[in-house]
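Below is one structure, written out as structure tokens; comments come after it.
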Amino acid sequence: MKEKYHKKVFKIGLSMGEICHHRKNNGGCIFCLPETFTDNIKSKSISEQIDYLLPKMKKHSDIFIAYFQDETSFDLDFEIFKTKIKSVLNYDEIKEITISTRPDVLKIKHLDFLSELNFDVNIEIGVQTVNDESLRFLNRGHTFSDIKNAINILKNYDFRIGTHLILGIPNETFEDNLNTINYLNSQNIDEIKIHNLVAYKGTKLGKMISNSEVELLNFDGYLGLLAKIIPYIKSEIVISRLFTSNVNRTGTAIKSFPGYKKDWMNKLVHLMNEKDIFQGQKN
Ligand code: SF4
């Protein structure tokens, strides 16, 4: 981004205000806690959200990406979706739109509209893993086949394609992680965001952890896994996240990693330098 705009670029987290159909109808993913998504702005219009957030962020930059990360934005009725996206275009400071969504809800009408905007659009797909058993464990409500379908649909457009992954899903082996990375490498996607699985109180996963039904990786285990998998990720793919964000927004994470993201990043860099590990090394 810095190379593209020669300046720091910040993301403004916005909400379409729609509740994810999977949570509404099927109970949602076992780790889902909507309070971790965005500030309490869901009920506001897009302009109100931007007018509230932009002045606060302007001290850091004057170039922004409108980031619809929460819930499942493609759930929205087309006319409402169109109106909300058009509101973003009224702001000169906003240069791109990123929409994060589930793989089973991409709608051609919505995508066609976005592709005709003459605006840079990034679509991020919540892949998490390509292992169907793990997808079932997470109660994702979609399969690997839906993921393949979504990526194939997106290849018909000029959007930049991003993906979200979870590392450290209980019972996944390193081979499972590698299968996910190999699939993404083979699809020439542009960006990967890697997340550690976080258990929040009040979620199904939180209950499973409290009842000792499953265990999550501790910090050292997760760091070791990152260092092991990063060499298999193609060097052309941008890795834009390595740890779950907003973990402490609600204060309800169970056994969260000690310290802060900056320390975790420093430790990862130190480990990779020490072991002479780098992205693309084994690809
Ligand atoms: S798809 Fe996203 S918003 Fe919907 S239930 Fe799963 S984590 Fe929550």
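With viscosity 1.567 mPa s and temperature 4 °C, the Kirkwood radius over alpha carbon pairs of region 2-198 converts through Stokes-Einstein to a diffusion coefficient of 74 µm²/s.
Applying 1/(1 + (r/R0)^6) with R0 = 35 Å to the Cβ-Cβ distance of Ile277 and Leu54 gives a FRET efficiency near 0.35. How high is the FRET efficiency between Ser47 and Ser245 when r is their beta carbon distance and R₀ equals 35 Å, given to the nearest 0.05? So the FRET efficiency works out to roughly 0.90.
Taking a ≥ b ≥ c as the square roots of the eigenvalues of the Cα gyration tensor of region 12-88, is the shape rounded (a/c under 1.5), prolate (a/b larger than b/c) or oblate? Oblate is the answer for region 12-88, as a/c is 1.5 or above yet b/c matches or exceeds a/b. Each label point was placed 7 Å from the Cα along the Cα-to-Cβ direction; for Asp176 and Lys228 their separation is 1.3 nm. Mind pulling the angle between the C-alpha long axis of helix 219-229 and the longest principal axis of the chain? Nearest 10 degrees, somewhere in 0 to 90. Between helix and principal axis, roughly 80 degrees.
For the chain, the relative contact order comes to 16 percent (Cα pairs under 8 Å, sequence separation of at least 6). Rounded to the nearest 10 degrees, the angle from helix 46-57 to the longest Cα principal axis of the chain is 60 degrees. Over the Cα atoms of region 79-184, the radius of gyration divided by the Kirkwood radius equals 1.04; this is the Rg/Rh ratio. Extending 7 Å from the Cα toward the beta-carbon at both Lys255 and Asn188 defines two label points whose distance is 4.3 nm.
Could you work out the relative contact order of region 112-267, using alpha carbon pairs under 8 angstrom and six or more residues apart, expressed as a whole percent? Taking the mean separation of contacting Cα pairs over the length of region 112-267, I get 23 percent.
Where a number appears in this text, it was derived from the coordinates with a stated rule and is not lab data. Keep in mind that this is a model prediction, so the values were computed, not measured. Using ideal geometry, Cβ is built from the backbone for each residue, glycine included, and neighbour counts are taken over all protein chains shown.
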